[in-house]
Amino acid sequence: MVNSKATQNGTGNSTSNRQQNYVTANRFYVEIEGQLSASFRECSGLGFTIKNDKRNEGGVNNQQRVILGQAQFSDVTLKRGMTDDLRVFWGWISNTLQEKKKKRRNVNILVFNQAGETMQCWTLIAAVPVAWKAPALKADGNEVAIEELTIAYEGLKVANAGGGGATMLSTGRDNSGYYPSN
């Protein structure tokens, strides 16, 4: 069981956040706005490619020069997931379909060890959902299942620990044209 950060009201019950009883086979957790919002069994596509141009210099036959260009980040695909967070997680996805101005968020993808400690954190900077597939619907299920979710993003930050920094980017791009990375 994974616990999100809970705020306590006067009676000792958690109000805005709740415990997430996700299936233990799910190992990848999505954190949005400081809350664990979904869990997934598979995560693929984390990576980048840097455009490069190779040049040969006259008279230098045993080497070539590599000129580096811009990085291109591949889309991340999360498969076989579950969520019960309608406000944050589904709100973000449905915003992509409804509003003209899409809300981008820094999204953390977390992996925990058996003790519940963060082992790896990938922060997708200025992420936006670009594809979603639903699984077959079952009458005996009580949580919303996600067969596949694809996320495009503008930058990537990797840390051994982390979490808590996945925020909605309401301020937009900075003066240099980039979204903030934290």
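The values are calculated or read from the model by the stated rules, or taken from the named source; none is laboratory data. Computed from a prediction, not measured in an experiment: that's the story for all the values here. Neighbour counts run over all protein chains shown; Cβ positions are idealised from the backbone, glycine included. Protein only, heavy atoms only, side chains kept; ligands, DNA and RNA dropped before computing areas. Shrake-Rupley method; radii C 1.70, N 1.55, O 1.52, S 1.80 Å.
Any residue in the range 89-115 that is within 19 Å of E154 (Cβ to Cβ) sitting within a Cβ distance under 8 Å of a residue that is loosely packed, with under 10 Cβ neighbours inside 10 Å and among the hydroxyl-bearing types (S, T, Y)? List the pairs, counting only those 6 or more apart or interchain.
Pairs that qualify, where the first residue is within 19 Å of E154 (Cβ to Cβ) and the partner is loosely packed, with under 10 Cβ neighbours inside 10 Å and among the hydroxyl-bearing types (S, T, Y), are K103/S170.
Filter the range 51-75 down to residues that are outside any strand (DSSP E or B) and touching a residue at least 24 places away in the same chain (Cβ under 8 Å) and give me whichever is surrounded by the fewest Cβ atoms within 10 Å (Cβ to Cβ).
Filtering the range 51-75 for residues that are outside any strand (DSSP E or B) and touching a residue at least 24 places away in the same chain (Cβ under 8 Å), the one surrounded by the fewest Cβ atoms within 10 Å (Cβ to Cβ) comes out as S74.
Identify all residues within the range 76-89 that are outside any loop (DSSP other than H, G, I, E, B) and open to solvent by less than 40 Å² (accessible area, probe 1.4 Å); write none if there are none. First the steps, then the outcome.
First, the residues of the range 76-89 that are outside any loop (DSSP other than H, G, I, E, B): 76-83, 86-89.
Scanning the range 76-89 gives V76, T77, L78, G81, T83, V88, F89.
Given the conditions (1) outside any strand (DSSP E or B); (2) closer than 18 Å to A159 by Cβ, and given that L137 satisfies all but one, which numbered condition is not satisfied?
Only one criterion in (1) outside any strand (DSSP E or B); (2) closer than 18 Å to A159 by Cβ is unmet by L137, namely (2).
Collect the residues in the range 23-49 that are farther than 17 Å from I151 by Cβ, aliphatic (A, V, I, L, M) and open to solvent by less than 60 Å² (accessible area, probe 1.4 Å), keeping them in residue-number order.
The one that is farther than 17 Å from I151 by Cβ, aliphatic (A, V, I, L, M) and open to solvent by less than 60 Å² (accessible area, probe 1.4 Å): A25.
Return the residue satisfying two criteria in turn: it lies in the range 135-154 and is closer than 14 Å to F89 by Cβ and aliphatic (A, V, I, L, M), and of such residues it is most open to solvent (accessible area, probe 1.4 Å).
Result: V144.
Given the condition of a type outside the set (A, V, I, L, M, F, W, C), free of Cβ contacts under 8 Å to residues at least 12 places away in the same chain and within 17 Å of G34 (Cβ to Cβ), answer yes or no: does some residue in the range 120-134 qualify?
Looking for residues that are of a type outside the set (A, V, I, L, M, F, W, C), free of Cβ contacts under 8 Å to residues at least 12 places away in the same chain and within 17 Å of G34 (Cβ to Cβ), one finds none in the range 120-134, hence no.
Checking N160 against (1) touching a Ser or Thr at 6+ places or on another chain (Cβ under 9 Å); (2) modelled with pLDDT of 75 or more; (3) open to solvent by less than 90 Å² (accessible area, probe 1.4 Å); (4) of a type outside the set (G, A, S), which single condition isn't satisfied?
(3)
Within the range 94-111, how many residues are within 16 Å of the chain's Cα centre (by Cα), open to solvent by 60 Å² or more (accessible area, probe 1.4 Å) and among the hydrophobic types (A, V, I, L, M, F, W, C)?
0
Considering each of L86, L124 in turn, give the residue that is under 20 Å from F48 (Cα atoms) and either at pLDDT 80 or above or of a type outside the set (S, T, Y) (or both).
L124 is the lone residue from the list that is under 20 Å from F48 (Cα atoms) and either at pLDDT 80 or above or of a type outside the set (S, T, Y) (or both).
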